[in-house]
Amino acid sequence: MTLTKAELADALFEELGLNKREAKEFVDLFFEEMRTRLEAGEEVKLSGFGNFELRTKNQRPGRNPKTGQEIPISARRVVTFRPGQKLRLRVSIDESEG
Amino acid sequence: MTKSELIEALSLKQTHLMQKDVELAVKLVLDQISNALARQQRVEIRGFGSFALHHRPSRVGRNPKTGEPVHIPAKHVPHFKPGKEMRERVNEMGQAAQS
């Protein structure tokens with residue numbers, strides 16, 4: 001089972017009583033707002049959840065894995081996510097093997 | 001942008017919800033994602049990215065003060081992989097900003 005925008009909209013409908021159209025619009029707007037900020041070079045810090053940060057990477061040598069041909073990987077800007085302490089603790093379940 | 005700034009921005013961009021409800025909605029969405037990960041479920045947001053768990057095997061670490069070996073148990077860590085649209089938009093605007 002994978003959580004998608006449809007399930008998020010359902011939760012807003014069931015738990016907060018938004019109507020289905022409002023719920024779907026809210027979910028779209030939520031992710032669009034974060035994307036717009038990141039696109040503009042702004043980091044997004046959601047306490048208790050984590051931070052979306054931006055990193056710029058220099059050009060580096062790469063290779064086409066199929067042909068083995070060398071092709072440079074161009075300089076680029078990428079988004080990284082640093083999970084917050086609270087989220088890390090929640091998912092890190094002790095696997096009782098030690 | 002912080003969580004409260006996100007709530008403010010979303011309140012301005014839609015008219016039918018009060019700021020208080022937007023705040024609850026933002027919290028609910030983040031809780032739903034955290035809960036799914038805690039249940040070891042994947043989260044896939046088309047065009048934004050996906051969240052999944054990566055496994056870290058147990059290892060022997062060291063207490064940096066005493067140098068004593070310490071057993072560090074296996075665990076899961078959250079991982080985010082940006083989606084195609086996110087990658088493209090963030091990269092294009094980054095290139096434009098540099099030139």
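Within the option set B:S58, B:S99, being of a type in the set (S, T, Y), at pLDDT below 95 and open to solvent by 80 Å² or more (accessible area, probe 1.4 Å) holds for one residue only, B:S99. Checking each residue of the stretch B:38-53 against the condition of being assigned to a strand (DSSP E or B), under 15 Å from A:F81 (Cα atoms) and more than 9 Å from chain A (Cβ to nearest Cβ) gives at least one match.
A quick yes/no check of all residues on (1) in the same structural domain as B:K84 (by the TED database); (2) open to solvent by 80 Å² or more (accessible area, probe 1.4 Å); (3) among the aliphatic types (A, V, I, L, M):
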residue	(1), (2), (3)
B:M1	no, no, yes
B:A9	no, no, yes
B:L12	no, yes, yes
B:I33	no, no, yes
B:A36	no, no, yes
B:G49	yes, no, no
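When you look at B:G67, is it at pLDDT below 95 and at positive phi, yes or no? Judged against the criteria, B:G67 is a match. Scanning the stretch B:14-31 for residues that are open to solvent by 30 Å² or more (accessible area, probe 1.4 Å) and either within 8 Å of another protein chain (Cβ to nearest Cβ) or outside any helix (DSSP H, G or I) (or both) turns up B:T15, B:H16, B:M18, B:D21, B:L24. Candidates are the residues of the stretch A:36-78 that are more than 16 Å from B:Q95 (Cβ to Cβ) and small (G, A, S); the one that is surrounded by the fewest Cβ atoms within 10 Å (Cβ to Cβ) is A:G68. If you filter the stretch B:68-99 down to residues that are facing chain A (nearest Cβ under 7 Å) and of a type in the set (A, V, I, L, M, F, W, C), you find that the one that is nearest to the chain's Cα centre (by Cα) is B:F80.
The values are calculated or read from the model by the stated rules, or taken from the named source; none is laboratory data. What you see is a predicted model; the values in this text were computed from it and never measured. All Cβ positions, glycine included, derive from the backbone under ideal geometry; neighbour counts span all protein chains shown. Ligands, DNA and RNA are stripped out before the accessible areas are found, and what is left, the full protein with its side chains, is counted by its heavy atoms. Shrake-Rupley method; radii C 1.70, N 1.55, O 1.52, S 1.80 Å.
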